[in-house]
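What follows is a single structure, written as structure tokens, with notes after it.
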Amino acid sequence: MLDAEGIGRLHCEKGKLEESVLTRINSPSDLKKLSVKELEQLAEEIRRYIVQVVSRKGGHLAPSLGVVELTIALHYVFDSPKDKIIWDVGHQSYVHKILTGRRREFITLRERGGISGFPKMEESEYDAFGTGHSSTSISAALGIAVARDLLKEDFEVIAVIGDGALTAGLAWEGLNHAGEEKRKLIVVLNDNEFSISPTSGALSHYLSRKLADPTYLKIREEIRKHLTTKPGGEAIITLFKKFEESFKGFFTPGVLFEELGFKYVGPVRGHKLKELISTFKQVRKANEPILVHVLTRKGKGYKPAEENPRSFHGVGPFNIETGKPVKKGKITYTEAFSEAIVRLAENDPQIVAITAAMPDGTGLSKFSERFPERFFDVGIAEQHAVVFAAGLATQRLKPVCAIYSTFLQRAYDQIVHDVALQKLHVVFCLDRAGIVGEDGPTHHGAFDISYLRHIPNMVIMAPKDEEELAHMLFTALNTDQPTAIRYPRGEATGKGLPDEFKSIPIGTGEVLKEGKEIALLAIGNMVYPALSAAQIIQEELGISPTVINARFAKPLDELLISDTASTHRLVVTLEENALCGGFGSAVLELLSEKGIKTPILRIGIPDRFIPHGSASILRDELGFTPEKIARKIKDRLSRE
């Protein structure tokens, strides 16, 4: 087991006890003192360390285990932080963090006040660019490379991107521009799912090393320069290029990247340190855009993750021996959505489901198994997902587009232009709305009410529990306009799903508790905390507040809210969304239009990015617990 510093002191190999290598690594410069054998031992120790920590904290396990040798080789060959390594998404950055001075802090992974699960510029000078959403690395790396050249500085820029991230259009926009710019830039394609067909065998590996050899690259360039000055030289160059591409295309999948302006190198075996180090030493000498295609295996070194890398992509705490998750309690909102959409689809063949590379995370895996012909995983391509759904809707199908709240931000224009403007019946199911916890500011679903509410034709709902989520999904599927349902990450109330589904009249709230003087207007997962806060107020002040489940952020129940505000001395709005432009803002706008001057206290996410940490701790800090809601109300009343 690991000690408090997060590392074992001894390493056992073939019956011989040896001092741990990892305890000697405090920065990348320490790697350069090690032999290849010691680097291989280091890789084993890092894997054990990551498994130990993630088994307790949760996190992105399989991606990180797959890039251990790759990360070691990059830091061994290049000189970070002077050389800039940009990690796409960040799911694969754990090894990078361990090697760059955060070995001891790694045991605080994703804790409040601990290190982030993603690259974060303010956390370390080694984190050259912050990444939590995918496919940004190439564009960012090109920007850094151009700035380097304009400022006449000298350093390497390396973007590490996974094959999954290449399903996003942004990655190809970056590749296209980088190829046109012809700047010195290295893109490392971490291919762990074989989505770009690799060619195995000794000849391919030999060819890859030869194509990366600086002597070959230099001769190739000299021949080109010489031929351009000779009559008929361009024709010879064209013929040579076609021969070279045909030759490589037969053995390697690099022609596409060559056409985009990159020198292609690969495939390189991503768990062979000698091969990786040799390749990177060669490509760093080149003076053009180069793409290094590295083949890795997700979950490498931990059998459960190797056998089921999809389940171990992002995990909660689990038992190391069995790989089984620590037992959880109530049904989650994601599971409730999963069960509800399957039940509804059994009776409605027009329902189709779409996700952007997150069938497990969004709960659509069961749907995909039950209705494979009606399920579409479009890859990390949220913009395409939304327009694809719009196209389906024009043909009278009922597309359900299930995407995390934070990821739907990437398709904002498509929601406006391709869905809402045409009033197409697309249902957006926004998982992870509100505070998500340990993944932090890149993943909190803090803005969806705000970025959807001002779009004409949109309906926005948020359920108070899993039963209401099922009714809202049924309602959304049986309306005729764009509709969004937002719901949180984690356990639901335990109420369970209804036996039968029923429609909720669009734009209607419900009074859960009749009272006086104070009115609590809550939406989504703030409804039950509002009820508990009302009980505290009643016990401590002798005032029995009214509690309303708003249900809709748009359209509001104007009559109910206006009548309630007119008959109470204080209105309190509660939402797990940004206060700027959120539900509380909508209520303020309504009352202003009606000329109702009742004071309003808005409780929600303030105008700042919320850090990572457990959801319970963050909600307590934000004042979302019943006790702190009641305290805020009492403080406001004392100032009236």
Query raised in the report: Residue by residue through the range 316-321, which ³J(HN,Hα) values in whole Hz follow from phi under the Karplus form 6.51 cos²θ - 1.76 cosθ + 1.60 (θ = phi - 60°), with glycine and proline marked x?
Result: x, x, 8, 7, 5, 5
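Multiplying the sequence separation of ARG24 and GLU321 by 0.36 nm and subtracting their Cα-Cα distance, what value in nm do you get?
Working: separation 297, 0.36 × 297 = 106.92 nm, distance 2.77 nm.
Here the segment from ARG24 to GLU321 would lengthen by 104.1 nm.
Counting Lys +1, Arg +1, Asp -1, Glu -1, what net charge surrounds GLY143 among other residues with beta carbon under 13 Å of its beta carbon? Please report the intermediate quantities before stating the final value.
Numbers: positive: LYS84, ARG148, ARG183; negative: ASP149, GLU173, GLU181.
Value of the local net charge: 0.
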Query raised in the report: Given the range 333-486, what whole percent of its Cα pairs are spread farther than 21 Å?
Result: 36 percent
Query - Residue-count net charge about LEU637 - beta-carbon cut-off 14 Å; Lys, Arg +1, Asp, Glu -1 - result: +3
Report task. Provide the per-residue ³J(HN,Hα) series for the range 89-97, in order, calculated from phi with Karplus coefficients 6.51, -1.76, 1.60 and θ = phi - 60°, each as a whole number of Hz, with x at glycine and proline positions. Result -> 6, x, 4, 9, 9, 4, 5, 4, 5
Query - Distant-in-sequence amide H partners of LYS554 (H built 1.01 Å from N, under 5 Å) - result: ILE460
Query raised in the report: Let a ≥ b ≥ c be the square roots of the eigenvalues of the Cα gyration tensor of the range 510-639; is it rounded (a/c under 1.5), or, if not, prolate (a/b larger than b/c) or oblate?
Result: oblate
**Report entry** Between 0 and 90°, nearest 10: helix 169-181 axis offset from the chain longest Cα axis
**Finding:** 40 degrees
Query raised in the report: Stretched out fully, how many nm does the piece from THR479 to ASP348 gain, at 0.36 nm a residue minus the Cα gap?
Result: 45.8 nm
Query raised in the report: Considering amide H positions built from the backbone, and no H for Pro or chain starts, which residues 5 or more places from LEU601, or on another chain, come under 5 Å of its amide H?
Result: VAL571, VAL572, THR573
Query raised in the report: What does the charge count near ARG343 come to, summing +1 for each Lys or Arg and -1 for each Asp or Glu among other residues with Cβ under 12 Å from its Cβ?
Result: -3
Query raised in the report: So what is the relative contact order for the range 530-601, in percent, with contacts set as C-alpha pairs under 8 Å and at least six apart?
Result: 29 percent
Report summary line: Of 152-160, 124-132, 327-335, ordering from highest average Cβ density within 10 Å down gives 124-132, 152-160, 327-335
Report summary line: Taking Cα atoms, the helix 583-594 axis meets the longest principal axis of the chain at an angle in degrees (rounded to 10) of 40 degrees
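Can you pull out the trypsin sites (Lys or Arg not before Pro) in the range 51-88 whose DSSP state is coil and whose Cβ has at most 11 other Cβ atoms within 10 Å?
Working: sites: ARG56, LYS57, LYS82, LYS84; in loops: LYS82.
In loop regions of the range 51-88 (DSSP not H, G, I, E or B), the sparsely surrounded trypsin sites (Lys or Arg not before Pro) are LYS82.
Quick note: the coordinates plus some simple rules give every number you see, no bench work behind them. Bear in mind the structure is a predicted one, so any value in this text is a computation, not a measurement. Note that we place each Cβ from the backbone using ideal geometry, even for glycine, and neighbour counts take in every protein chain shown.
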